[in-house]
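This report refers to the structure that appears directly beneath it.
Every number here is computed from the coordinates shown, using simple stated rules; none is lab data. None of these values were measured; they are calculated from a predicted model. Neighbour counts are summed over all protein chains in view; Cβ atoms, including those assigned to glycine, are modelled from backbone coordinates with ideal geometry.
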Amino acid sequence: MKEQQNISWLAASLAAKLGEAPDVAVVLGSGWAERADGLLDGIERFDLNDFENWPLPRVQGHAPELRLG
């Protein structure tokens, strides 16, 4: 699959799972994982393994997870 097609497919997959698009997105390093729980209300977690062709983290301690809150 071409990179642009893959990106478009991933965006559509995210939209289908998340529903309404968030107003803001923040990418935090693995050291912020526990702190993020206190920053967000009503956290919903998504396993990145559920998204076909999503590039998964290969660094120990980096969870394949997307959080929405």
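Sites counted here are trypsin sites (Lys or Arg not before Pro) in a DSSP loop (not H, G, I, E or B) having no more than 11 other Cβ atoms within 10 Å; the longest part of the chain that contains none of them is 3-57. Taking 7 Å steps out from each Cα toward its Cβ at residue 30 and residue 15 produces label points 3.3 nm apart. With each label modelled as a point 7 angstrom along the Cα→C-beta vector, the residue 23-residue 48 pair spans 2.7 nm. Take every pair of alpha-carbon atoms less than 8 Å apart whose residues are at least six positions apart; their mean separation over the length of the chain yields a relative contact order of 33 percent. Any idea what angle helix 3-18 forms with the longest principal axis of the chain, computed on alpha-carbon atoms, 0 to 90 degrees, nearest 10? Approximately 50 degrees, to the nearest 10. Only the Cβ atoms of Lys and Arg (+1) and of Asp and Glu (-1) were treated as charged; on that basis the dipole of the chain about its Cα centre amounts to roughly 240 debye.
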